[in-house]
Amino acid sequence: MDAVLETKFEEITRTSSDIILSLILTLTTGVVERFSFDLLGTSSSSPPPSSSSSDGGPPSLSSLHFTLFKQTVNTTITSSPLTSRHGLTQLTLIIKCLFTNNCSSRYDILKLVIREMVVDYSDMYLSVLNDCLESLTLGEGEEEEEGIVKLLRGECCKNLLLLSQVEGLEYTSLILRIIFTMFLKTRNLMKLQFEIFFTSVHLRILEAGSVGAQVLALESLLEFIDSPKALTEVYGNYDVDLDCSNLYVSLVQGLLKFVDSDQRTEDDERTRLSRLGAIAVMEGVCVRMQDANCVVSGGSEVKKKKDRIQIVVDNFNSRNKNWREAAGDLVEDSAEGVARFLFETKGVDRTVVGEYLSKGPKEKYPFNTSVLYSYLTLLEYTTFLPSLRLFLLRFRMPGEAQCIDRLMEAFSEAYFEKGAKEFKTGDGVFVMAFSIIMLNTDLHNPNMEDEKRMTVEDFVRNNRGIDGGDDLDRDFLVGLYHDIKGEEIQVQQTASEAVTDVRQIDGLLKQSPSLMVQVKEGVHAKDMFECIAPDLLAGCAAVFEGAVEDEDAWEGIRSFERYGEACGGFGMEEEFNDMIVLLLRYGREFCRTVGPSIFKNEECLYQLLGENAGDCEKVVVGGAGYKGLLALRAALGMVKRYAGMVRNGWVNLLECLFLLRSRQALPDALSEMEDFADAEGSRLPNSPFRERSEGRAREYVKGVDGGAGSEGGGFWGGISKVVFGGWEEPEVPPPPPTPDSPAPAALRGMTTAEAVKGIVGREQLDVAFATAANTSPAGRAFIIKVLLQCRIRTPNDEVEPSPCFEDQASLSLELASRVLLSSKSSASQTWPLLHDHVANIIKGDLPYLQERAAVVLLGAFFHLDDGGEMRDMMIDTVKMICFIKKEWVRHMADRIGSGLNRILKTSTFAKAKEWDILFDLCSLTGEFSSGRGYIFTGLQNCLNESVEGVVDCGRGVRCIALLLKFSKGDWEGDMRDSVESMKMIGDVWSGIVDAGGPKAGDERGLVEICSCFHELTKGKDVKVSKMAAEQMGRILSLVQPKSVACEVWTSIFRNVLLNPPAIHMVAGGGGGGVYVVNEEVRVKCCETMARTALLCFPYLVEEMGGTGTGGDELKRMVDRIAELFKENVTARSNTGFIFESTIHSCINMVNVFGLEEFKKGGLGAYGKTRIKEELKRAGVDDEIWGEGGAGPGGDGPGPSQEKKREQVARVREEGGGGGGGGGKEEGARENSAFDPSAPPLSNPQDTFVA
């Protein structure tokens, strides 16, 4: 029947091919639909046999299908082009009909097409094969389908690989189409084959094919990527398999091979396709991220191990001598372990393995020799030649004869020990192995002429007597010769290596087949992105850089944003920062162009600043002309969103911020420095240092061509050039403004600086810094370290910094302080970074930067002071402010003083070190009027709250020394705070006494106080003089005599108490008389003198003795006291106040001198006598002492009040004093003995009420 049909078809096709083709189509369709054919008499219910009948019976349905198909193919090939095209169409329909209905002739049809396509080299067979595969459906377990799978795995793959090397775009296109179709239909059954296909077809073409073929390969990969789950299954079956190559990575890298157009023209189709591939792969990453099965953590253990093994393999292949140490636990540190690694590991360089195993001699390289013999134990020995082939399968034979000798010698020993049946001696094995190597080279050397090759007789003759003097069996030798001639000994190829030779293909396909497994879409999402992230970033950059149209620029930005989202979602910091650096590179170049020029494209500006500025799904009109701005906006948005992931990206972000700041385009939230305020809460005026620094930066920007900003020597010197390269913003003319522009009036006419300031402000970058600081202590430390990594210029540097440097470094310091202050809990970990940086600043010669350092330190102390460990760290850093040059402090004293004021008001200090540093800072700042007021009010508040803090730690005297400077007006003669400072000194001394003082060392403070106050009592300012006298009396009254050394007391008496302010007589009064100007001060000083003398003389008598030199000294003091009393009573006063006060003091002293404790040495009697004598000389009658009482030798109660009044009146009359003054006589205080424990009078006028 088959022969009859074929004959009839041949006859018809000679006359009308189109008719027969239509007839075949109709016939075949009907047969398949009915599953039987009336002329054949077959029953539709009986199953069709799997092959044609051989017993002469009626032909099977499969046989008829195959006959129809074969005849149609022959007709199509031999017909005219028009008929051939029609025939091909008919064939396609036939195939769909047959294969869709799973007819049993499918195997025969496929086998015919697969065999014929390498015989005829007609592209029609390839087209037919693709149709067959597209219509093919496979079940499980059926005999015919197993045969189809075996056919596809073997002969089909082999023939396709061979045809892929045929030149011609039609062939290439069809083969690529067939591979893609096979992947869709049979990928689960052909894991090994597809690794070979992609490596030896797609990747080989992309590496070395023609331009047209490369375009086709790229189109095929694009179609492959668009297939659902294709990349996921490739990764899950190859890249995560230890025995397979990283096929997924290789395919993506191949697809992106031409993404950069630097070496080609922009209209290169390969570039366009590669860029489309970058976009498609990036979209796929995002799709996998959103999958319900997405594993964000990633990190397949198998993949991790594979990557580690790859590192070891790379080290070994590079001949790194330390590769074993770097291998760790992956390679057992023994000869057996190394041998197993070389024998089993994929990817090791076969040449390097051969070199390693053959290294000798044994005495010099014993370990390598041990590895070689261990390697031989891993082989499964059979007969001689298969065993030798197996030995040479996994490494490439070295070229040196000695190396080959060592390898063959080791093999012969191992083989002979395994019981070699063909040989009697081990030497025979060695010689034969060496001979086989030579034969293999001779027979398969492509450069040798055939007539010169070794014959079988030559081979037999060359190997006579090699087995201990005996010949080997001739049949054995002849068999070896023909075996080698028929199949060359070759190193085994892997599926990851491109194969072109038919024998290599056969060897690969003989490997046991493996099946692909089903992989859920999101399981390997992170790993899939991580391993191609650098390539994808380069692809996104190429898409963006090459954009000329707005849509392309938008697509590039969207790709970057997807990339950032993937990095953020998967926690990939390094890759995220690479993207930020790249985007900021573009943004930095745009920042160079920012200035006073008008932003021309209003519609673009409206989209970036208008109501819908946050809409990222809309193409920015005119965006291609502002790509740098779009990149900057995208980068800032990503930094804000994933601030905690930014690392080295901060450096590049700062470069952009510096450029914007120099062009007044930085938002106020970032540009304005934190500063202190005055007493009214107003911001302190700019210092001349700040004005100079910012002005210098502005002038520099104006003077640089094109606004190049901080070129050369900027914040990080030349880092920017290295990081940012030479990318320049392409000049794309913006479209002309349209009359119906949606931009509101507020946006029209806006300068680029104003526009960028608004756009950057919308991104709220200040929030990004705060967000970054709230991540982890390590993250905060890193950010601060980056912000402070500039090198501060020192006076010894020869290279001048950029004029912008100081301003930029100040901004960087400000941002670092914000990050540090944002987290009090981790400030102790990051403060050392600030400390070291400030130390460098203080060593430098940049005054504005030092000013900012002082403000930052004091502000940080105010916010972070906890009274514990943090304070200990900060106080050491704050101390460095003291090392700023005084001429610079003059212009920043207001800020330092304001900062210290806040600290003193809010903090409580209890350590001597803390007070010492604070007093040093106060002394430094107090020298200048702008800071002095802040210092004093701060100290005032601090001491008013608690004096104990400074006293308990032994720094009371130090505090007094500082306050004395205010009292005396040591700084520029400023006496504004003299009165209040003396009150504070009194309070501090009171605290010292309450704490059990004065102690050793405090005496010096007492002397300084008395000396200072003594001088102040002589001043012209009555308020100051009165306060000095009052506080000196208060302080001396608090001191226990025995707590101060005798020498100190004598010094105080000699230099202070016995030298009160002189009595200045000034003309005045209605009657032309005289009066005393500072009589209250004089009186108070004399009262203090008298009181102190009565307190101390008993102690001094005891210490110095009542007689001798000490006694003489005390008597001289008494003499001086008596003289001073005389001066007072002889003074003329309108009020008589000084006379009355002096008389009262004299009576007190005379009475107290009569007490028992003053009788030692006769000092009391001497004192009473001397005082009465001097007053008598001054004209005071003895009656003032009372009748028989307090006069010399008497103990009476003293004069009556009436007698005192009469004496005062008489003295006035004798002095010629006229004028009033009688108003104070009423209610006079009764005379009484002096009480040493009584507190000092608050007002000297209260001594008497005249």
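On the protein heavy atoms, probe 1.4 angstrom, tell me the percent of accessible surface of the range 828-939 carried by carbon and sulfur. Before the final figure, lay out the partial values.
On the way: 1810 of 3570 Å².
Solvent-exposed carbon and sulfur of the range 828-939 make up 51 percent of the total.
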5 Å is the cut-off here: which amide hydrogens, built 1.01 Å from N in the peptide plane, fall below it relative to Thr751, excluding neighbours closer than 5 in sequence?
Phe599
Cα radius of gyration and Dmax for the range 369-444 (Å)
11.6, 33
Please list, ordered by chain and number, the residues whose modelled amide H lies under 5 Å from the amide H of Asp467; skip anything fewer than 5 residues away on the same chain.
Leu472
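Quick one: accessible area per residue over the range 1085-1141, 1.4 Å probe, rounded to a whole number of Å²?
Numbers: 1720 Å² over 57 residues.
About 30 Å² of surface per residue is accessible.
How big is D, in µm² s⁻¹, for the range 401-483 by Stokes-Einstein at 10 °C and 1.306 mPa s if Rh is the Kirkwood radius over C-alpha pairs? Let's see the in-between values first.
On the way: Rh = 13.4 Å.
Reported coefficient: 118 µm²/s.
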Rounded to the nearest whole Å², what accessible area per residue is found for the range 331-450 with the 1.4 Å probe?
49
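What's the ranking of 569-577, 973-981 by average number of surrounding C-beta atoms within 10 Å, highest first? Could you put the intermediate results ahead of the total?
Details: 569-577: 19.1, 973-981: 17.3.
Highest mean packing first, the order is 569-577, 973-981.
When ranked by the protection proxy of mean other Cβ atoms within 10 Å per residue, highest first, what sequence do the peptides 344-351, 473-480 form? Each step should come with its number before you reach the end.
Values: 344-351: 17.0, 473-480: 15.0.
Highest-to-lowest ranking by the protection proxy: 344-351, 473-480.
Over the range 375-456, with every protein chain in place, what whole percent of the accessible area is carbon and sulfur at 1.4 Å, could you tell me? Don't skip to the end; give the middle numbers.
Numbers: 2240 of 4260 Å².
Here it works out to 53 percent.
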Pull up the cross-link candidates among the lysines for Lys911, meaning alpha carbon to alpha carbon under 17 Å and not fewer than 8 places away within one chain.
Lys879
For the cross-link pairs Lys1018/Lys1115; Lys158/Lys257; Lys158/Lys185, which exceed 23 Å when the distance is taken from alpha carbon to alpha carbon?
Lys1018/Lys1115; Lys158/Lys257
For the range 567-655, which trypsin sites (Lys or Arg not before Pro) are in a loop by DSSP, counting at most 10 other Cβ atoms within 10 Å?
Lys618
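From the protein chains alone at 1.4 Å, what is the descending order of accessible area for Leu256, Leu330, largest first? Intermediate values should be presented prior to the final figure.
Details: Leu256 15, Leu330 45 Å².
Sorted by accessible area, descending: Leu330, Leu256.
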Can you find, among Ala410, Tyr365, Leu385, the residue sitting farthest towards the positive end of the charge dipole of the range 340-482, where Lys and Arg contribute +1 and Asp and Glu -1 at Cβ?
Tyr365
Dipole of the range 280-395, Cα-centred, from +1 at each Lys and Arg C-beta and -1 at each Asp and Glu C-beta, to the nearest 20 debye?
300
Can you tally the net charge around Thr186? Count Lys and Arg as +1, Asp and Glu as -1, for every other residue whose Cβ sits under 11 Å from the Cβ of Thr186.
+3
Step through the residues of the range 429-435 one at a time and calculate ³J(HN,Hα) from phi using the Karplus curve (6.51 cos²θ - 1.76 cosθ + 1.60, θ = phi - 60°), rounding each to whole Hz and writing x for Gly and Pro.
4, 4, 5, 5, 4, 5, 5
Can you find, among Ala213, Leu247, Ile225, the residue farthest towards the positive end of the dipole of the range 187-334? Put +1 on the C-beta of Lys and Arg, -1 on that of Asp and Glu.
Leu247
So which of Lys362/Lys421; Lys346/Lys418; Lys600/Lys757; Lys785/Lys913; Lys304/Lys785 end up more than 21 Å apart, counting from Cα to Cα?
Lys362/Lys421; Lys346/Lys418; Lys785/Lys913; Lys304/Lys785
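The values are calculated or read from the model by the stated rules, or taken from the named source; none is laboratory data. Predicted model only: the values in this text are computed from it and were never measured. For neighbour counting, all protein chains shown are included, and Cβ atoms are generated from backbone atoms with ideal geometry for every residue, glycine included. Side chains are part of the model used for accessible areas, which takes the heavy atoms of the whole protein and leaves out ligands, DNA and RNA. Shrake-Rupley method; radii C 1.70, N 1.55, O 1.52, S 1.80 Å.
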